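Novice: Supplied in structure tokens, the structure appears directly below.
The values are calculated or read from the model by the stated rules, or taken from the named source; none is laboratory data. Just so it is clear, the model here is predicted, and its values are computed rather than measured. Backbone-built Cβ (ideal geometry, glycine too); neighbour counts: all protein chains shown. We work out accessible area using only protein heavy atoms, side chains counted, and drop any ligands, DNA or RNA first. Shrake-Rupley method; radii C 1.70, N 1.55, O 1.52, S 1.80 Å.
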Amino acid sequence: MNYSTDEISLIQEANKVADLPPKIAEAKHLGALAEIDIPDPNKDVVSADDLQHRQFVTGEFWKKIPAFKNISTEEFLDTKWQNKNTIHKIAKLEEFLKDLTSQEFINDAVKGMDEAPMNLRLSPYILSLINWDDPYIDPLRIQFIPLGASREPDHPKLTLDSLSEQDDSPVPGLVHRYFDKALFLPLDVCPVYCRFCTRSYAIGSDTDTIDKVSFKPVPDNWNKAFAYIASRPEIEDIVISGGDAYMLVPDRIRQIGEVLLDIPHIRRLRFATKGPAVMPMKILTDTAWTDALVDMVDLGRSKSKEVVLHTHFNSANEITQITRDAMDLLFKRGVTVRNQSVLIRGVNDTAEEMIHLVRKLSYMNVQPYYVYQHDMVQGTEEMRTSVAQTEEVERAVRGVTAGFNTPLFVTDAPGGGGKRDVHSYDYYDRVTGISVYRSPSVDENKLYLYFDPISSLPEKGKKLWEDESLHDDLINNAIKASGFANLSPAL
Ligand SMILES: *Cc1c(COP(=O)(O)O)cnc(C)c1O
Ligand code: SF4
């Protein structure tokens with residue numbers, strides 16, 4: 001089944017109607033309420049601003065971009081068109097930006113790409129949502145296009161595979177760190193390349209489309225991963241990440257789902273994708289892909305197993321009416337969607353921005369699950385925040401909406417400690433920016449340290465890090481102060 005333009009506009013119409021204040025007398029089940037005297041409220045009247053999260057960008061917003069001014073809704077919603085017009089090369093980006101933004105910015109982006117560890121992949125959807133009048137502070141630009149000028153030097157304690165995933169990997173493409181859950185990385189390509197990607201050690205090494213793969217047999221390392229999972233009765237939960245499930249052709253989604261759901265001890269699967277944030281129309285118009293996902297959800301349900309989609313919105317600016325239609329479609333077809341964000345300086349590191357994002361996601365039935373403290377990733381120092389800042393945002397968010405729509409703020413502790421509630425450190429020094437965590441479920445004999453970006457520290461802290469001969473002392477002092485000097489730091 002394929003959605004025609006008419007059907008898509010019908011979906012959009014249906015959503016608009018749902019947004020109108022109910023006409024009480026006309027609504028089928030509300031008629032009796034018209035007679036009731038409304039009790040005096042004990043709350044102030046809300047303003048339109050308070051409900052801003054219910055506003056979704058509609059219309060042909062892409063037409064303000066010269067290159068897209070003749071693109072119809074039907075074309076814009078076509079995944080093939082989005083893919084064909086995705087920008088992979090900096091030269092193409094330069095050309096695209098020529099009449100759109102300042103030469104100063106373009107030069108800066110070229111310099112940034114020269115130094116960046118990640119590839120470039122920008123869909124027309126994303127390119128249309130960036131404010132090119134002020135790209136420096138745009139939350140989408142910050143995530144996907146590095147600049148030369150704003151770089152901060154990496155923290156001296158940063159290592160490339162900061163989560164030490166390779167140490168917990170029994171088979172290439174499988175990470176088994178926790179007792180009952182494992183991370184399966186079937187591929188290394190994504191529908192966008194995030195500058196802050198934790199897996200920049202592995203992701204995006206080639207940017208070829210992987211459609212070709214669909215006619216080949218299952219790759220050897222997949223079968224090895226499946227065999228390992230089948231051999232470990234304690235594993236109940238598989239995260240299928242990557243790379244990104246958006247890049248798996250429908251047959252691959254089915255193969256992974258069918259094999260894993262056949263393993264008796266597997267109870268839960270999550271397909272993880274950034275796709276809805278950068279190309280939501282795929283869910284509406286690449287029906288073969290959406291059907292494959294829904295079929296796996298249904299297959300799981302028939303076996304009393306849970307199959308869900310985990311996505312990755314970081315900014316409300318990534319969300320439009322197209323996104324909402326896509327999330328509505330998944331909801332109607334019985335797919336649970338949860339979201340994992342990364343807390344990024346300039347993107348969502350204020351209470352206001354994070355609350356707005358959480359409310360908007362909740363409104364679309366997307367459950368905010370995690371907000372990650374930014375990992376210590378090469379070349380992204382200016383995107384990280386301090387632990388103190390993350391805690392402050394968390395304080396503001398908790399309580400604004402339903403508890404089950406309130407994300408848990410976590411630090412994925414460097415050195416392989418896994419996810420820790422950001423508040424749960426045994427010690428945190430705001431001057432040196434060192435936080436010390438324990439992670440008994442991973443290794444009860446170890447301590448895991450996170451380091452705030454040096455630019456976020458008070459002058460005194462900045463000075464201390466300037467002197468390399470002091471670094472060991474700073475760390476040892478923090479470990480002593482934590483009261484767990486008997487444990488060994490994972491460094
Ligand atoms: C995050 C992660 C998981 C899943 O953890 P949840 O807290 O259940 O979301 C599993 N394995 C690895 C290695 C991970 O990093
Ligand atoms: S989509 Fe996810 S895996 Fe891919 S580059 Fe972004 S953060 Fe990394």
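Novice: Per DSSP H run of at least 4 residues, take -39500 (n - 2.57); add these up for the chain, divide by its residues and hand me the 222 nm value, nearest 500 deg cm²/dmol.
Specialist: Rounded to the nearest 500, the figure is -9500 deg cm²/dmol.
Novice: May I ask you to give the solvent-accessible area per residue for the chain, in square angstrom, as obtained with a 1.4 angstrom probe?
Specialist: 46
Novice: Pick out, in residue order, every one of the GluC sites (Glu not before Pro) in the range 227-288 that is DSSP loop and has at most 14 other C-beta atoms within 10 Å; say none if there are none.
Specialist: Glu234
Novice: Taking every pair of alpha-carbon atoms in the chain, what share in percent sits in each 20 Å bin, from 0 to the bin with the longest distance?
Specialist: 21, 55, 22, 1
Novice: P(r) for the range 61-144: what percent of alpha-carbon pairs falls in each 5 Å bin, starting at zero?
Specialist: The percentages, shortest bin first, are 3, 13, 26, 28, 18, 8, 3, 0.
Novice: May I ask you to derive the relative contact order of the chain, considering only C-alpha pairs under 8 Å and at least 6 residues apart, and to give it as an integer percent?
Specialist: Worked out over the chain, it gives 13 percent.
Novice: Say the cut-off is 22 Å between C-alpha atoms; which of Lys157/Lys419; Lys224/Lys303; Lys80/Lys360 go over it?
Specialist: Among Lys157/Lys419; Lys224/Lys303; Lys80/Lys360, the Cα-Cα distance tops 22 Å for Lys224/Lys303; Lys80/Lys360.
Novice: Kindly report, to the nearest 10 Å², the accessible surface of Asp220 as traced by a 1.4 Å probe over protein heavy atoms only.
Specialist: Result for Asp220: roughly 120 Å² accessible.
Novice: Relative contact order for the range 61-144: what percent, with Cα pairs under 8 Å and sequence separation of 6 or more?
Specialist: Reported as a whole number, the value is 34 percent.
Novice: As I understand it, the dipole of the chain uses +1 on the Cβ of Lys and Arg and -1 on the Cβ of Asp and Glu, about the Cα centre. Which of Ile240, Gly334, Ser482 lies farthest toward its positive end?
Specialist: Gly334
Novice: Please work out how much accessible surface Val249 shows to a 1.4 Å probe, ignoring ligands, DNA and RNA, in Å² rounded to 10.
Specialist: Accessible surface of Val249 is approximately 20 Å².
Novice: So, taking all protein chains as they sit and a 1.4 Å probe, how much accessible area belongs to Asp49, in Å² rounded to tens?
Specialist: 120
Novice: Distance between the C-alpha centers of the range 137-153 and the range 243-284? Whole Å please.
Specialist: 30
Novice: Between rounded, prolate and oblate, where does the range 384-491 land on the alpha carbon gyration tensor, with a ≥ b ≥ c its root eigenvalues, rounded for a/c under 1.5, else prolate if a/b exceeds b/c?
Specialist: Note, shape of the range 384-491 comes out oblate.
Novice: So, one more: Under 13 Å from the Cα of Lys64, which aspartates and glutamates turn up, not counting those fewer than eight places away in the same chain?
Specialist: Lys64 reaches Asp99, Asp133.
Novice: Name the trypsin sites (Lys or Arg not before Pro) in the range 382-441 that are in a loop by DSSP and that have at most 16 other C-beta atoms within 10 Å, would you?
Specialist: Arg398, Arg430
Novice: Name the shape class, rounded, prolate or oblate, that the alpha-carbon gyration tensor gives for the range 211-282, where a ≥ b ≥ c are the square roots of its eigenvalues, rounded holds for a/c under 1.5, and otherwise prolate holds if a/b is larger than b/c and oblate otherwise.
Specialist: oblate
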